[in-house]
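Take a look at the structure below.
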Amino acid sequence: MQDIMQSEIDAWRLQVKKGTLELAVLALLNSRPSYGLELLDRLNASGLDVRDGTIYPLLSRLRTEKKVSTKWVDETSGHAHKYYALTEKGMQILEGMIVAWREHKSAIEHAIGKSK
């Protein structure tokens, strides 16, 4: 029984992570452009536990949606990296997402407070 409950909680946690990953990626790119693996490391350093099989399709979609732009940078040592940066549209979307996130978080906190 405990395993089933934990499985349901884990499934819910995964859905929350999927639903907020775009916000986290845009926010990190707002602070500075990053290449894919660097961005993945930054997400994981934040405790988000993201896999490369998740981040690259998301970055591709964000590029298609014109929320990020890409630029190849040839490193002096090693190989070239594709850097991702926010576009003007991406910055505007991020601002709206932050407002929506804060409103949603406040509503959830209110609901949780009432359930105790």
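Here are the numbers:
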{"read-out": "Cα gyration tensor shape of the chain, rounded if a/c is under 1.5, else prolate or oblate by comparing a/b with b/c", "value": "oblate"}
{"read-out": "Sorted by Cβ neighbour density within 10 Å, fewest at the top, the residues Thr20, Thr76", "value": "Thr76, Thr20"}
{"read-out": "In the chain, lysine pairs closer than 21 Å at Cα, eight or more apart or cross-chain", "value": "13"}
{"read-out": "Degrees between helix 2-31 axis and first principal axis of the chain (Cα, 0 to 90, nearest 10)", "value": "40 degrees"}
{"read-out": "The chain: relative contact order as a whole-number percent, Cα under 8 Å and 6+ apart", "value": "25 percent"}
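Rule-based calculations on the coordinates, nothing more; no lab input. The model shown is predicted, which means the values in this text are computed figures rather than measured ones. All Cβ positions, glycine included, derive from the backbone under ideal geometry; neighbour counts span all protein chains shown.
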